[in-house]
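Each remark here refers to the structure printed beneath this line.
The values are calculated or read from the model by the stated rules, or taken from the named source; none is laboratory data. This is a predicted model, so every value here is computed, not measured. Cβ placement follows ideal geometry from the backbone for every residue including glycine, while neighbour counts extend to all protein chains displayed. We work out accessible area using only protein heavy atoms, side chains counted, and drop any ligands, DNA or RNA first. Shrake-Rupley method; radii C 1.70, N 1.55, O 1.52, S 1.80 Å.
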Amino acid sequence: MTIADRNIFGFNDQLLISRLHDCRHMTLQGGQRILDEGDEINLIPFVLNGNIKVVRHDESGKEILLYTINGGESCALSISSGLNGKPSKAIAISENNTEVMLIPVAILRELFINHQEMRTFVMDLYHKRFDEMITVVDAIAFKSVDYRLILLLKNKQKEGGSIISTTHQQLANELGTAREVVSRLLKQLEKQGFIKNYRGKIELLAVM
């Protein structure tokens, strides 16, 4: 584990860092599915750089984005399921080329029990993900699709800058709506001067 890897997670406990030293690193390709609903969880991904989206599918195949794992973060649902010996409740897909550190569940359990820094990291992560999923529930229950689309674009901008590599269908899947609805809303935003539509990407031109 390099100094850069250590700092991105905020760990300073040298014993904790030494236990992580031999954990395997892996580079994921964009669009690679690394976890499916019902999978047994043996390894927990800690993201070094890149992004992983965590989603759920309904019976019709519609997708809803729960949250995105960025550099210096991990998957709260995977940690919870892994530590409790439960199968995965969600799907995890890399959004771009993503480097992860894979921590075996047994080692993570040991680190959680014996190291305050790991307990703090995990509990802070739970709190952040809980807030994000409350936002998702509020958006679905109380907000219009156009509001949710703008919120999704803003979140993607925070993750990767003003040029967002995505398709109308991918956005529709993440919002749990039809591609035609997303295309119509994006055209409206383009007419208003907020975005510029390209094939396979969207450029954010102004604050929405």
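The conditions are (1) assigned to a loop (DSSP other than H, G, I, E, B); (2) basic (Lys, Arg); (3) buried (at least 19 other Cβ atoms within 10 Å of the Cβ), and Lys89 fails exactly one of them. Which is it?
(3)
Residue check: is Ile150 among the β-branched types (Val, Ile, Thr) and in contact with a Lys or Arg (Cβ under 6 Å, 6 or more places away or on another chain)?
Here the answer is no, as Ile150 does not meet what is asked.
Here are the criteria: (1) at pLDDT 85 or above; (2) small (Gly, Ala, Ser); (3) open to solvent by less than 40 Å² (accessible area, probe 1.4 Å); (4) farther than 17 Å from Leu16 by Cα. Tell me which single one Ser80 does not satisfy.
Every listed condition holds for Ser80 apart from (3).
I need a count of the residues in the stretch 152-181 that are farther than 18 Å from Ile69 by Cβ, touching a helix residue (DSSP H, G or I) at 6+ places or on another chain (Cβ under 7 Å) and either among the acidic types (Asp, Glu) or open to solvent by less than 60 Å² (accessible area, probe 1.4 Å) (or both).
Residues in the stretch 152-181 being farther than 18 Å from Ile69 by Cβ, touching a helix residue (DSSP H, G or I) at 6+ places or on another chain (Cβ under 7 Å) and either among the acidic types (Asp, Glu) or open to solvent by less than 60 Å² (accessible area, probe 1.4 Å) (or both): 7 in total.
Yes/no per residue for (1) under 18 Å from the mean Cα position of the chain (by Cα); (2) in a loop (DSSP other than H, G, I, E, B); (3) on the phi > 0 side of the Ramachandran plot:
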position	(1), (2), (3)
Asn12	no, yes, no
Ile17	no, no, no
Gly30	yes, yes, no
Glu37	yes, yes, no
Leu65	yes, no, no
Leu77	yes, no, no
Ser81	yes, no, no
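Is it the case that some residue within the stretch 95-105 is farther than 19 Å from Asn51 by Cβ and crowded, with 16+ Cβ neighbours inside 10 Å?
Looking for residues that are farther than 19 Å from Asn51 by Cβ and crowded, with 16+ Cβ neighbours inside 10 Å, one finds at least one in the stretch 95-105, hence yes.
Taking the criterion of being modelled with pLDDT of 80 or more and of a type in the set (Lys, Arg), would at least one residue in the stretch 139-146 satisfy it?
no
Anything in the stretch 99-129 that is out of contact with any Ser or Thr (no Cβ under 7 Å at 6 or more places or on another chain) and outside any helix (DSSP H, G or I)? List them, or say none.
Selection gives Val100, Met101, Leu102, Ile103, Pro104, His115.
Considering the stretch 49-74 alone, what residues qualify as being open to solvent by less than 10 Å² (accessible area, probe 1.4 Å), of a type in the set (A, V, I, L, M, F, W, C) and in contact (Cβ under 8 Å) with a residue 40 or more places away in the chain?
Within the stretch 49-74, Ile52, Val55 qualify.
Given the criteria within 27 Å of Gly176 (Cβ to Cβ) and open to solvent by 50 Å² or more (accessible area, probe 1.4 Å), does Pro45 qualify?
Answer is no for this residue.
Output the residues belonging to the stretch 106-133 that are of a type in the set (A, V, I, L, M), open to solvent by less than 90 Å² (accessible area, probe 1.4 Å) and at pLDDT 85 or above.
Ala106, Ile107, Leu108, Leu111, Met118, Val122, Leu125
Mind listing just one residue for me: the one in the stretch 9-42 that is surrounded by fewer than 19 Cβ atoms within 10 Å (Cβ to Cβ) and of a type in the set (Val, Ile, Thr) and, of those, nearest to Leu108 (Cα to Cα)?
Ile17
Counting only residues that are in a loop (DSSP other than H, G, I, E, B) and within 19 Å of Gly31 (Cα to Cα), which one in the stretch 167-208 is modelled with the lowest pLDDT?
Gly176
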